[in-house]
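This report refers to the structure that appears directly beneath it.
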Amino acid sequence: MAGDTFGRLFTVTTFGESHGPAMGCVVDGCPPGLELAESDIQHDLDRRRPGRSRHVTQRKEPDQVTILSGVFEGLTTGTAIGLLVQNVDQRSRDYSKIKDKFRPGHSDYTYQHKYGIRDYRGGGRASARETVMRVAAGAIARKYLAERAGIRINGYLAELGPFELKPLDLDAVNDNPFFCPEPARLNALDGFMDRLRRAGDSIGARINVIASNVPIGLGEPVFDKLEADLAHALMSINAVKGVEFGDGFRCIQQRGSEHRDEITPDGFEKNSSGGTLGGISSGQDILASIALKPTSSIQVPGRTVDTEGKAAEIVTTGRHDPCVGLRATPIAEAMVALTLMDHYLRDRAQNADVREAEPAMTESV
């Protein structure tokens, strides 16, 4: 089992390899009656696609999505939605020199040992190319959540190597290739990435995601806490090595009197918890953060072994992202959207008849 399906009620099953003919997915559980066109999905795919700047892989993929099923006369029918994106710019020859070597830090070694066979062309299913269908499916979830519940999901680059970026202008995030919320630092980021690319190396990044107007009550204790499922979703993204919510690991040094989010008749005083209490959404913003490692496909020589277990040196050539975090913002947003969509439907199924004992507060921060 490759674990290709995500979700309980709103499910997504993806398929395809980096250098195969196409990437695809089946979205099941989408309620009927949602207006849906390919243009609703294409917007997010364009934000994620390669080749948007000189700082990412120069693989030229238009990532044009086709809706194959589940939509009739512009409306979802409640049946499975099939989506397809053709691969048009594969260069498998770039990998012929290293097909018998394991890239350190990559999945080559574990895939080979687990399955006894692996697709060495761009990493096959382990490639970041796999995430194109997550973004496509996430666009459907985002549209439903926005129209039916008013939920908004926005991400941004929070750290790139030594640069810590403040969310000063979230409206500028989609106007630059870094998804940077601090436009005054774009030239510095440009210069840093140019030097990194000339060195043939890579760097890590942090992406923050904010989900606003999330209703109270999403999440199912004990094992299916909302942040637990969000962590599962975000950790499943290629290269993600850490996930935080709210204050995250900073809470280690905090006292209870400092960390707790005090409540007044007007709402919560702050949001150290990141939008959940007891695994259930509190009505505050969901605040999630992910750390992405530096990509392992670099031009700096490194030691490894070949498929016969002999010592070898490896250099990865071809087209690669020197920072996978630069295209990760739409992917992280998509996984948050898929998780919230699934829990929204699960809560509606079980608790649609529940009436609040007390009026819900509005968030004060």
Please specify each residue of the range 176-227 satisfying the condition of being of a type outside the set (A, V, I, L, M, F, W, C) and at positive phi.
G200, N213, G217, G219
Within the range 312-341, of all residues that are in contact with a strand residue (DSSP E or B) (Cβ under 6 Å, 6 or more places away or on another chain) and farther than 28 Å from A137 by Cβ, the one surrounded by the most Cβ atoms within 10 Å (Cβ to Cβ) is I314
Name the one entry in F268, F249, F223 that is surrounded by 14 or more Cβ atoms within 10 Å (Cβ to Cβ), farther than 23 Å from E147 by Cβ and of a type in the set (F, W, Y).
F268
Hits in the range 97-121 (condition: farther than 20 Å from G20 by Cα and out of contact with any Pro (no Cβ under 9 Å at 6 or more places or on another chain)):
K101, F102, R103, P104, Y109, T110, H113, K114
Residues (of a type in the set (D, E), more than 20 Å from A233 (Cα to Cα) and touching a residue at least 60 places away in the same chain (Cβ under 8 Å)) located in the range 36-55
D40
Quick check on my filter: what residues within the range 279-336 are under 14 Å from the mean Cα position of the chain (by Cα) and polar (S, T, N, Q)?
S289, T329
Residue under question is D229, and the condition is that it be in contact (Cβ under 8 Å) with a residue 60 or more places away in the chain, surrounded by fewer than 19 Cβ atoms within 10 Å (Cβ to Cβ) and either farther than 18 Å from A334 by Cα or within 16 Å of the chain's Cα centre (by Cα) (or both); does it hold?
no
Just a yes or no: is a residue in the range 102-120 closer than 25 Å to Q284 by Cα, touching a residue at least 12 places away in the same chain (Cβ under 8 Å) and either aromatic (F, W, Y) or assigned to a helix (DSSP H, G or I) (or both)?
no
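Each row is one residue, and each column tells you yes or no for (1) buried (at least 20 other Cβ atoms within 10 Å of the Cβ); (2) closer than 29 Å to P322 by Cβ.
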| position | (1), (2) |
| --- | --- |
| L168 | no, yes |
| A184 | no, yes |
| R197 | no, yes |
| G219 | yes, no |
| A239 | yes, yes |
Residue that is surrounded by the most Cβ atoms within 10 Å (Cβ to Cβ), among those in the range 201-217 that are closer than 19 Å to Q284 by Cα and small (G, A, S):
A211
Of the residues that sit in the range 35-57 and are modelled with pLDDT of 95 or more and among the hydrophobic types (A, V, I, L, M, F, W, C), which one is surrounded by the most Cβ atoms within 10 Å (Cβ to Cβ)?
I41
State yes or no: is L234 closer than 30 Å to P32 by Cβ and within 16 Å of the chain's Cα centre (by Cα)?
yes
Closer than 24 Å to Q112 by Cα, polar (S, T, N, Q) and touching a residue at least 60 places away in the same chain (Cβ under 8 Å): does that describe S297?
yes
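The values are calculated or read from the model by the stated rules, or taken from the named source; none is laboratory data. Computed from a predicted model, the values in this text were never measured in an experiment. Here Cβ is always computed from backbone atoms with ideal geometry, including for glycine, and neighbour counts include all displayed protein chains.
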